[in-house]
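K.L.:
Just passing along the structure, written as structure tokens.
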Ligand SMILES: [Zn+2]
């Protein structure tokens, strides 16, 4: 059984590494020439972009100071590059379609159609819904613990994982927020913020998986488990942001952390007598199946909904069940502890 897990894990892994290597679209010399020319002239065919007009360096341009700020110029440069890439891509895709060829990826992404300047509207909308779902789950967890379940005489909750789930809720809301931003506008900064928040969430949920499934309640033991993981995740985030943004390596780290926690929860769900273990099973199986969408990474239908967007759709019901499991766990543990007290 465990062998099969490893084979599946390895297959996913090899595939993901391949996906993140250079894409076919941007290796195309015609596309490259188009972008290069566009960045010089500011035009693709008939269309010209105002963002591509940079002031000649050194010369004082007749524009207010804030239009000469380095940050503003950076944004302009990003806008110019992204407009050039977008319109060159649309042109190339039209030519490819006329020749009967299917869509290819550009800079690691499928050719999406923009809506009001939003790059991937479907993924943005679904990320926003995920964010709302996480907020709903976290809020109902907060209300359950503070207003519905009995509290200790010192006004603290009996449930021993309260604080950890609160941090988990905040990290996941943060991560969905940056996911929505990143899918609406893909530049260095938004990409780094999205990837960093996702890694932080993944790392923290791995710690939580270990602490909850092994029922680690002693403070010192908790520190011993989480310290090395926290150190690793922090180093990894710093490495990505300030040393090298390495997609392949990051993918390996994420897949290992993701599969590890899925396995931990699955094994725990198999051995525990927890009354809500079926919810755990649903999330583990659902999460595993949802991963298949990332593997069969198909191009966007009509230029809008791709496999990744659908994957974001599946996490909405899964988060609902997940928070429902967390609430059940809080009720279950509180009841058990009160039984012992009496
Ligand atoms: Zn996404």
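K.L.:
By how many degrees, between 0 and 90 and to the nearest 10, does the Cα long axis of helix 277-295 differ from the longest principal axis of the chain?
P.N.:
20 degrees
K.L.:
Please give, to one decimal in nm, the separation of the simple spin-label points placed at residue 74 and residue 167, each 7 Å out from Cα toward the Cβ.
P.N.:
3.0 nm
K.L.:
List 207, 118 from most exposed to least, where exposure is judged by having the fewest other Cβ atoms within 10 Å.
P.N.:
Lowest count first: 118, 207.
K.L.:
Run the simple label-point estimate for residue 115 and residue 271 please: 7 Å along Cα→C-beta, distance reported in nm.
P.N.:
Modelled inter-label distance: 4.7 nm.
K.L.:
Using a/c under 1.5 as the rounded threshold, could you call the range 104-256 rounded, prolate or oblate? The axes a ≥ b ≥ c are square roots of the C-alpha gyration tensor eigenvalues, and prolate needs a/b larger than b/c, oblate otherwise.
P.N.:
Here the range 104-256 falls in the oblate category.
K.L.:
Could you work out the relative contact order of the chain, using alpha carbon pairs under 8 angstrom and six or more residues apart, expressed as a whole percent?
P.N.:
It rounds to 20 percent for the chain.
K.L.:
Shifting gears a bit: Under the definition of Cα pairs under 8 Å and six or more residues apart, what whole-number percent is the relative contact order of the range 191-267?
P.N.:
48 percent
K.L.:
Something else now. How many nm separate the modelled label positions at residue 304 and residue 135, each set 7 Å beyond the Cα in the direction of the Cβ?
P.N.:
Result for the modelled spin labels: 2.4 nm.
K.L.:
So, one more: If a/c stays under 1.5 just call it rounded; otherwise compare a/b with b/c (prolate if a/b is bigger, oblate if not). Do that for the range 197-286, with a ≥ b ≥ c from the square roots of the Cα gyration tensor eigenvalues.
P.N.:
oblate
K.L.:
Hey, can you rank 274-287, 314-327, 36-49 by average C-beta count inside 10 Å, highest first?
P.N.:
Packing order, densest peptide first, comes out as 314-327, 274-287, 36-49.
K.L.:
Residue separation times 0.36 nm, minus the C-alpha to C-alpha distance between residue 90 and residue 143: what's the value?
P.N.:
Difference between extended and current length: 14.2 nm.
K.L.:
Would you list 312, 236 from fewest to most Cβ contacts within 10 Å?
P.N.:
Starting with the residue having the fewest Cβ neighbours, the order is 236, 312.
K.L.:
Considering the alpha-carbon set of the chain alone, what are its Rg and its Dmax in angstrom?
P.N.:
Rg then Dmax for the chain, in Å: 23.8, 81.
K.L.:
Given a Förster distance of 22 Å, report the FRET efficiency between residue 81 and residue 316 from their Cβ-Cβ distance, rounded to the nearest 0.05.
P.N.:
E(calc), rounded to 0.05, equals 0.10.
K.L.:
Can you give me the angle between helix 247-271 and the longest principal axis of the chain, using Cα atoms only, in degrees from 0 to 90, rounded to the nearest 10?
P.N.:
20 degrees
K.L.:
Place a point 7 Å from Cα of residue 227 in the direction of its Cβ. Which residues in the range 186-205 have their backbone N less than 19 Å from it?
P.N.:
Counting only backbone N, you get 204.
K.L.:
Per-residue ellipticity at 222 nm for the chain, helices alone: DSSP H runs ≥ 4 residues times -39500 (n - 2.57), over residue total, nearest 500 deg cm²/dmol?
P.N.:
-24500 deg cm²/dmol
K.L.:
Based only on other Cβ atoms within 10 Å, what is the fewest-to-most ordering of 112, 304?
P.N.:
Neighbour counts put them in this order, fewest first: 304, 112.
K.L.:
Helix 219-242 sits at what angle to the longest principal axis of the chain, using alpha carbons and giving 0 to 90 degrees rounded to 10?
P.N.:
Roughly 0 degrees between the two axes.
K.L.:
Moving to a separate point now. Give me the extension gain from residue 48 to residue 30: residue separation times 0.36 nm, minus the current Cα-Cα distance, reported in nm with one decimal.
P.N.:
Extending this stretch completely gives an extra 4.6 nm.
All of the numbers you see were taken from the coordinates with simple rules; none came from a lab. Note that this is a predicted model, so its numbers are computed, not measured. Methodologically, a virtual Cβ is constructed for each residue, glycine included, from the backbone with ideal geometry; neighbour enumeration extends over all protein chains shown.
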